[in-house]
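Notes to accompany the following structure.
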Amino acid sequence: MDFKKKVAEFVDCFKNIGSFDFLGRLKTIVKDIPGLIALAGATLMLIGAFVPNFCLTVDLGFFGSHSEYWNLFQAGGWYVFVLTLFALGLAYFKQTFWAGATAALALTLTIINAIAFPASVTTGYYGLISPTVAVGWFFILLGELAVIGAFVLEEFVFAKKAAPAVAAPAAAPVAAPVETPVAPVAEVTENTDAQ
């Protein structure tokens, strides 16, 4: 993988954004397996931002318990949403490397948010609030892993298939044996005259 080449492709893509075939990309997305996986993963991340990400269950003692669900925005994860939009756009523009890098950053922030948000909410309540992650958090996590997987698939599986095979060094040509013409042998007659 050549990082300079990836940067050049990224810059070239956005220099020529006016001539990008948006509808043609929709027609060819089916043939681009890593691009399709990256686009599906980024879409799953986008859906996960709006579905509940955290569940806070408050123990009310004799009165039972109360559960409250928080989506990504309520939990302070707007930066993961912004990265999700970037990953979605990059996947659409065939920039799987950069979409994978964005998803890796979003994955890191998602895990940090899953640790920091419940810890900040439960501070001082001494076990009365039990936080858990909800389905939206898993949508975001699986989407990020799909986008990263699409990058790995493109760079290490499909790139090897597309690369020209390296030919083995040619062996020295073997000279065919040269047949020398043989002169016909004259028949020797024995002189059996008695002398």
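The values are calculated or read from the model by the stated rules, or taken from the named source; none is laboratory data. Here the structure is a predicted model, which is why all the values come from computation and not from measurement. Neighbour counts are summed over all protein chains in view; Cβ atoms, including those assigned to glycine, are modelled from backbone coordinates with ideal geometry. The accessibility values were calculated without ligands, DNA or RNA, using every heavy atom of the protein model including side chains. Shrake-Rupley method; radii C 1.70, N 1.55, O 1.52, S 1.80 Å.
Out of all the residues in the range 110-119, which are crowded, with 16+ Cβ neighbours inside 10 Å and not β-branched (Val, Ile, Thr)?
Asn113, Ala114, Phe117, Pro118
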- Message: Tell me yes or no: at least one residue of the range 86-106 is under 17 Å from Ile47 (Cα atoms), open to solvent by 50 Å² or more (accessible area, probe 1.4 Å) and without any contact (Cβ under 8 Å) to a residue 40 or more places away in the chain.
- Response: yes
- Query: Of the residues Leu46, Leu85, Leu72, which single one is closer than 30 Å to Phe10 by Cβ and modelled with pLDDT under 85?
  - Reply: Leu72
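Can you tell me which residue is least open to solvent (accessible area, probe 1.4 Å) among those in the range 66-85 that are among the polar types (S, T, N, Q) and touching a helix residue (DSSP H, G or I) at 6+ places or on another chain (Cβ under 8 Å)? Outline the logic, then answer.
So the first thing to find is which residues in the range 66-85 are among the polar types (S, T, N, Q), and the list is 67, 71, 74, 84.
Those left that are additionally touching a helix residue (DSSP H, G or I) at 6+ places or on another chain (Cβ under 8 Å): 71, 84.
Numbers: Asn71: 35, Thr84: 2 Å².
Once the filter is applied, the top-ranked residue is Thr84.
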